[in-house]
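Below: the structure, in structure tokens.
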């Protein structure tokens, strides 16, 4: 339809000429609140990715600026997010030792590679690849990832040191160290967690009770993490808690990140490409759904391929400026929307504010307790655990649930990459399985009408030498063999059969494998002296069949309607007609 | 339907009690002709697999006996075949050096592993997995494999020594040695090739002209390879040609193969499992189509899962008796059928004959020129090259052709494994792509009838505040996003819209992703004050929807027929009705 236009537009040219003072005031206000939310989150997600805290800030600068230029979403906020930080850690962890220079370079390369992949996908208009990720797989993946993230942060809450990127690895290392829990760290963690949870659950209602508007109350309650960061940092600095064993972020380099080209050696890229691809695809799918949700609120349209470009350029920018992979953040985008952001300029103003923070606030970060960041991560990802979706899928359908469960379990106990890939593979395989054994019905005429119904559900007219077979699925390689089997079984059950009509209203596609099967069926029926006819073939399907030898070799005819086939082929009245009677006659809507 | 019964039956119990003298005489005759064809082929295919010639004979003994017990096909002949021999060589070649003990053990393990996989697939009733191989992918794979096989035998025809399992590797090594072509070998090769080609093309017609029945003439002409083998061996022995540089098979161990368990160490299995899986799947798919073709001639039925067991046990047998992977051979099965084989006992008699050959003929094999076997291989696989199928697929449809071409080219220039896996992946991806962007139509009523047609193809009644949208595809994860886009675009184009009916006769399936999308559409339309209705929902689909909250939240109704929706929702006559006129009014059969 109207999708898949060529990319390489600059969406900024559409909104910048109309930019005015009112937009400016809205955007600046939103940028202030966004910065307050973004600073603690970006520090925390860098920690989650196994990277120095300042890398999180770096990943907000160029990406935000570049998305302002290339992104289509009016209010989406790109930057570090928990899911992508986990995937970064899971990709780099097995390859490099934590804290090494190779690990840092790996993160930069990962951002660069996934950015390049997103851009290539955008230019080749491969946005449709996102369709391979079914909702149950994404949902299972996000829930499992959130649980892994929470587990991975327990070490920081307890003052321990766990390893691994799945529940088994993390759990076993934590279990061994359980006697070494650091009391002061635990107190700090509990305090921050309690504060954040109270702020999330009670602050907004309290502020509303004090007369604040709902939206303002929500925005203020979302500033709790920065308050926690400031409070914990001041407390640590004032009481010299780091000397008593509380882990802190420590000295970080001051100033803006250096711009640099990532290393171009294939040996360094080779172990990262699969991780980069998964980050690109997951980042794209998640960002796209955030962008579409926000666009729907304003009745706007998001072009998936332009979005690929915007996100790709943002990740390239992260790669050039010592950052980490980024994507659109749901929580921050909603915050920006609620705070009144009007245009992507909000992102540019936020980048400016983060740049100032990077220049002037980094010395203070030295006293920020890591436990505080861990608590912020846990509270922010806890809402991603969606047990209701698992239940809903369980009740809806087994194939979807199997794919979801496999993704969930494998992500929890093995790795994010395995969970995701097995989930995608399984949903494809199960779809193929479902359509490889489609519903079929032998039809008869509802007496005195032009309607034809399933002989097993309705009282209809049938003849021993004439059969109508409806297949409720497109005919393609997965069910080509099934079709042959079904027809030959029907023929063996009806020894008097002379004419068989394949009724095709549900056949949206006939591929080369199914055409081969139709050829075989036609030839075998000819041996058995049965003519094969088709009816209700859809226009595009018939157009394709007409390009082959098939219509010429078909022993019977192609009828526009099943009634036309009935009129042309039924025996003389009174001949061998019989009205089939079934116990299962119903008025249900099985056509 | 009636498929997927539990395996573990012994089909022999069905035919053995009715076995009589007439069957015996037919089966023994067929076994004699089969042995005459099988001896040279099994020696040649062992050579093709990079194995000593006697391994080919070994792979005929236990497999033929076991298939007699477990196979369902009455006349299928299992044993070494060219395609599987090539796949064996392609799996083992990169791992072990040709002629080493490891290479030999690898072949045994490969037979054992693929046999075990086939049995597991049969017990788990995974016969449907064969459906993943679409006809164009198999066809492209077989044509490419045949070309690679022919290329790999050129070295033996020319007395050279090439390396590699694709055209590039073989071609480049042959090119470098082109000056060293061995004259005597070339003369022998040309003679045998000419003899085989003449026998194939001229012998049968000549024999028929002499008054022989068509079938007898065909059987005799198929004995040409054994004549070539006998003639070439005698010539070499008599003229001492091996002393002049003609490569011969050489001394082979005399006697039956030792029975032994393959090594059980995982380190030895690990590099072979992918190759074994591909051999299992390709062997199964090919054997099944041979079995089905033969069964159809006798109006019998083949159970795919029982066939998995039969083929699996045959391969296990090959693994226990120092053989190589086996499958059903098309050419030998047709030969057995034509020679009058009545029951699987033919296989047992053939095994007996091969055992005698192994015991008493092996000394003679020492003088058999390798060039003769290479010529036999080339003539036997040349008929597998199917250029017409490539042309037909090209004209039929682009997605099928792309999958076929990718399989063909990658098999030729990279490897059989890559070609096959990319082909399967691509056919899945292209199917998903095709269904991710399905055909949709806005419908209107054909005036005065209960029929609804595409507004773009027919002159139909439409209203500005009422729309009928038909989607010609099952709704599932690949097109969930498309559905949302299509509906929201339609709504934005019809500002007066109050009621939208999704017309669902072609929707065979609604998965959890599509249900999410329907939920979203319902909610967004509610915001836009448009009611969403469904019509012509199929029984099984509606049953599934009724298990969810969706019918309760749906803003509109579910109608049995589109006409019922029209009657319930259309405005009063004369209101704002308009008859849509289109330039493209036609009588084509697009419903």
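Since every read-out is calculated from the coordinates, none of them should be taken as a lab result. Because the structure is predicted, anything quoted here is derived from the model rather than measured. Cβ coordinates were reconstructed from backbone atoms using ideal geometry, including for glycine residues, and neighbour counts include every protein chain displayed.
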Revision key, fill the gap. Rounded to one decimal in nm, the spacing of the 7 Å Cα→Cβ label points at residue B:198 and residue A:266 is 5.2
Point to revise | Whole-number percent relative contact order across region B:440-580, with pairs defined as alpha carbons under 8 Å at least 6 apart | key: 26
**Study point:** Cα gyration tensor of region B:421-481 - equivalent ellipsoid semi-axes, whole Å, descending
**Key:** 34, 11, 8
Exercise for review: Could you work out the mean count of beta carbons from other protein chains within 10 Å of each residue's beta carbon in A:135-142?
Suggested key: 3
Study note, to complete from the structure: Ranked from fewest to most other Cβ atoms within 10 Å of their own Cβ, A:449, A:372, B:455, A:29 fall in the order A:449, A:29, B:455, A:372
Exercise for review: Pull out the extension gain between residue B:29 and residue B:190, defined as 0.36 nm times the separation in residues minus the alpha carbon to alpha carbon distance; nm, one decimal.
Suggested key: 54.7 nm
Point to revise | Shielding by partners - mean other protein chain Cβ count within 10 Å, residues of B:431-443 | key: 4
Check your understanding: Using a label position 7 Å from Cα in the Cα→Cβ direction, what is the ascending list of nm distances from residue A:364 to the same site in the other copies?
Key -> 9.7
Review point. Distances from residue A:553 to the same residue in each other copy, label points 7 Å out along Cα→Cβ, in nm, shortest first?
Key: 5.0
Revision key, fill the gap. What the Cα atoms of chain B span along the principal axes, largest first and in whole Å, is 103, 61, 59
**Study point:** Per residue convex hull volume, Cα atoms of the protein assembly as shown, in Å³
**Key:** 220
Review point. For a label point 7 angstrom out from the Cα of residue A:383 toward its Cβ, which stretches of region A:197-219 have the backbone nitrogen within less than 15 Å?
Key: A:197-205, A:215-219
**Study point:** Spin-label model distance (nm) - residue A:528 vs residue B:181, 7 Å beyond Cα toward Cβ
**Key:** 5.4
**Study point:** Mean separation of Cα contacts under 8 Å (6+ apart) over length of chain A, as relative contact order %
**Key:** 22
Practice item. Taking the Cβ of each residue in A:197, B:167, A:483 as the centre, tally the other Cβ atoms inside 10 Å and list the residues starting with the fewest. Key: A:197, B:167, A:483
Review point. Between region A:355-422 and region A:93-169, how many Å separate their Cα centres?
Key: 10
Point to revise | Burial ordering of A:337, A:431, A:563, fewest other beta-carbon atoms within 10 Å first | key: A:563, A:337, A:431
Practice item. Using the 7 Å Cα-to-Cβ label point, sort the distances from residue A:198 to its equivalents in the other copies shortest first and give them in nm to one decimal. Key: 10.3
Point to revise | Shielding score for B:552-565, defined as the mean number of other chain Cβ atoms within 10 Å | key: 1
Check your understanding: Which percent of Cα-Cα pairs in region A:18-140 sits in each 10 Å bin, short to long?
Key -> 11, 34, 34, 18, 3, 0
Exercise for review: Specify whether the C-alpha gyration tensor of region B:189-270 places it in the rounded, prolate or oblate class, a ≥ b ≥ c being the square roots of the eigenvalues: rounded for a/c under 1.5, otherwise prolate if a/b is larger than b/c and oblate if not.
Suggested key: oblate
Review point. Once the convex hull of the C-alpha atoms of region A:440-580 is built, how many Å³ does it hold per residue, rounded to a whole number?
Key: 100
